[in-house]
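The next block holds one structure in the form of structure tokens; read it before the comments.
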Amino acid sequence: MSRRFDLVIFDMDGVLTTTRSSWAFIHQVLGVDNEESYQAFVNREIDEPEFMRRDIALWKTVRPDITVNDIARIFRDLPLISGIQETIVGLKYNDIKSVICSGGIDLAAKMIANEFGFDGYVADTLESYPDGRLTGEGRMNVDLQDKGKNVRDFIEEFGTTPKRCVSIGNSFTDIKMFQNTGVSIAFNPVDPYTEAAATNVIRSGNISNVLDVILLDIEDRN
């Protein structure tokens, strides 16, 4: 068997989930609206740490003592795209590693990674006190302005090269990922810039369709 790729890097929000954002999912469940902060972030009036700070502050207006365990429980109902298990099984069968790289919340990324058998993940962290209550601060582990840095870190961790990696994303914040891998897939892209930046575009309700690209050149085992 020959394979072109060693590693596949998935965005989470809007790719592995059917909701646009794990942050927004918490807003929805708690009945708060962050549109004002979102527009301020898009317009670069605030940075990512301040964006996280404002989002968490919204949650605390509804539940002042909200904890990381509360957030984890909410994520049990996070709507996921169909076909994740099939996709990871297909990659593992062909000795291809899989990781999640997201500006979403790491509690969601960890849940998905553990449930389906991803080989790693990186996402943003909700800071908490020893008793689990949220402090109101977030730790930015993924810079939405340059997710390429995280891609390079994963490439080094798994001992491969950009050419032998695939990145999968759906929005303009994933373009830097695309630029750091040999093949890129815009999966249900939400803007024309992401579509134009990718080597492949897939529109589907099932993430396993990415295997048509990733496993294309693998020789038949028979």
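Excluding residues on the same chain fewer than 8 positions from LYS92, give the aspartates and glutamates whose Cα lies under 13 Å from its Cα.
LYS92 reaches ASP6, ASP119.
Determine the sum of side-chain charges near PHE158: Lys and Arg each +1, Asp and Glu each -1, restricted to other residues whose C-beta is under 9 angstrom from that of PHE158.
For residues surrounding PHE158, the net value is -3.
Counting DSSP beta bridges with both partners in the chain, what percentage is antiparallel, nearest 5?
20
Taking the structure as given and computing Cα Rg over 2.2 N^0.38 Å, which label from (i) 1.02; (ii) 0.91; (iii) 1.18 fits?
Among (i) 1.02; (ii) 0.91; (iii) 1.18, the one calculated here is (i).
Order these peptides, 168-175, 200-207, 2-9, by their mean beta-carbon neighbour count within 10 angstrom, highest first.
The densest-packed peptide leads the list: 168-175, 2-9, 200-207.
Among the lysines, select those whose C-alpha is under 25 Å from the C-alpha of LYS176, and discard any that sit fewer than 8 residues away in the same chain.
In chain and number order, the partners are LYS97, LYS110, LYS147, LYS149, LYS163.
Can you give the helix-only mean residue ellipticity at 222 nm for the chain, where every DSSP H stretch with n ≥ 4 adds -39500 (n - 2.57) and the sum goes over all residues, rounded to the nearest 500 deg cm²/dmol?
-10500 deg cm²/dmol
Tell me, what is the percent relative contact order of the range 7-214, built from C-alpha pairs under 8 Å that lie six or more residues apart?
Reported as a whole number, the value is 23 percent.
Read-outs: derived from the displayed coordinates by stated rules, not from any lab. Just so you know, these numbers come straight off a predicted model, no measurement behind them. A quick note on method: Cβ atoms are made from the backbone with ideal geometry, for glycine too, and the neighbour counts reach across all protein chains shown.
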